[in-house]
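Okay, so here's the structure we're looking at.
Please treat every number below as a calculation from the coordinates, not as lab data. Quick caveat: nothing in here was measured; it's all calculated off a predicted structure. Here the Cβ is made from the backbone with ideal geometry for all residues, glycine too, and neighbour counts use every protein chain on show.
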Ligand code: ASP
C-alpha cells in the first residue's frame, strides 16, 4: 500500500476513534497523544540539519549561476519575486477565508508565552551575531541566512577548496532526506495519534476547517497562475497566456499526478522547448534550477497553513510575523527538494520561525497529498513561466505564427 494511502487511513482512523472518544477525551489525551508528541519530536530532530544542509546545497547551485551572469540574475530575481507574491497570496487567503475558524486547540503555555518581536528586531535578527547560537536555538531565519552565505561562499572558492565542503553538505542533505523518508514511514501512526485527541476534544466539526484549507490552497494556486504568471507572460513575451497554458499543460498535469517537480523535469523541458519554442540553452538552465530552488506553490501553501495553525491555536499573527513568514517561506523554498511531501517538512520550519506549534503539521499531514498536487503544479508552472520570460528577453525563443497575443 502506498504511504499516502496509509497516512490518509491514519487520518480517517484518527477521526473515527476521536469521534468514539468524544465524550471522554481524557483517554485520548493520556494514552494516544504522547505517541503523537513522539512523532513531532522526530520531525523536530531533523529540522535544523535539514535546513542547514539543503540550503547550503541550494545556495551553492545559485553560486554556480554567476558564470551565467545576466541570465542567472534574471532567473533568480524572477524566482524570488514570484515566490514572494505566492506566499503573500497564501497569507491573504488565510486571512480572508479563515480556515481555522471553528476549530480550537488550547496551546501549551510555552507557546503562549512567546511575544511577537517587532519588524525591526526581526529584520536585524536575520543576520546572526553568533550563527552557532542560531543553530542551537533553532532560529530559522538566522540559519537560512547563514546557510545561504556558506553556500555562496563555498562556490566562490576555487573548485578544489570549495568542493569538499559542498560535497559534505550535499551528503548530509541526502542523509536528512533519507531520515525524513524513514520518519514519514511512521507518519500514519503519528497522524492518527495527533488527530484522535483533537477530534475527541472538538467533535466532528474539526473536518470543516480542513476542507477550507484545501479550498484556500486551490483558490490561491489558481489566482497565482492566472494573475501572476499570466500577467508576467503577457508583459514580457509575445506568447498569449492561453497559448502558454496550453503549451505547458503536459508538465502541469504530470506535476499534479506525481507531486514531484524533479520527477516532472523531463516533461517540463520537453513542453517548453517543443510547444513554446524556448531554446535549449535557456530551458536546460532555467528549468533544472527552478525544479531545485523555485517553489511558488509550496510557499503559497505554507502561507495558508501557517495562518490556519495560528487560528486553530488562537494565536494572533502580527504583520511583522506575517512578514517573517514571507521571508522564511521565500528563502526556505530554495532548500525545499522537488519531491513529494517535502513542503510539509518545510512547513515545520515556517511554523517554527514565528513560534507556532509544530503539532499543526499533523493536522495538515492527512490532507497533504491533495495539497501537494496543486502546489507542485504551480511550482512547475512557475518554472516554465520563467523559461519563456527569460528566453524572450534574451531573444532565445522561436515564435511561431500562432503565438500571437490574439490567440
Ligand atoms: N512536492 C513539491 C514539489 O516537488 C514540493 C513540496 O512538497 O512542496 O515541487
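Ranking of 274, 396 by neighbouring Cβ atoms within 10 Å, starting from the fewest: 274, 396. Springs between Cα atoms under 10 Å define the GNM used for the chain, and in it the highest mean-square fluctuation of 238, 212, 129 occurs at 129.
Label positions at residue 149 and residue 98, each projected 7 Å from the Cα along the C-beta direction, are separated by 4.3 nm. Going by a ≥ b ≥ c, the root eigenvalues of the Cα gyration tensor, does the chain fall in the rounded group (a/c under 1.5), the prolate group (a/b larger than b/c) or the oblate group? It comes out prolate by the Cα gyration axes. As a rough footprinting exposure proxy, the listed residues 239, 76, 282 were ranked by other beta carbons within 10 Å of their own, and the order from fewest upward is 76, 282, 239. Under 15 Å from the 7 Å Cα→Cβ point of residue 24, by amide nitrogen: which residues of the stretch 160-204? Inside the label zone: 197, 200-201. Rounded, prolate or oblate for the stretch 138-281? Axes are the square roots of the Cα gyration tensor eigenvalues, ordered a ≥ b ≥ c, and the cut-off for rounded is a/c under 1.5. Oblate.
Running a GNM on the chain with Cα contacts under 10 Å, which residue among 290, 14, 102 ends up with the highest mean-square fluctuation? Most flexible of the set in this elastic network: 102. When shorter helices are ignored and each DSSP H run of at least 4 residues is given -39500 (n - 2.57), the per-residue value for the chain at 222 nm works out to -24500 deg cm²/dmol. By other beta-carbon atoms within 10 Å, ranking 136, 388 with the fewest at the front produces 136, 388.
For the stretch 162-219, rounded, prolate or oblate, judged on the Cα gyration tensor with a ≥ b ≥ c (square roots of eigenvalues), a/c < 1.5 rounded, else prolate if a/b > b/c? Verdict is oblate for the stretch 162-219.
Stokes-Einstein diffusion for the stretch 285-407 at 10 °C, viscosity 1.306 mPa s, with a Kirkwood radius from C-alpha pairs, works out to 101 µm²/s. For the options 186, 87, 206, a Gaussian network treatment of the chain with springs between C-alpha atoms closer than 10 Å singles out 186 as fluctuating the most.
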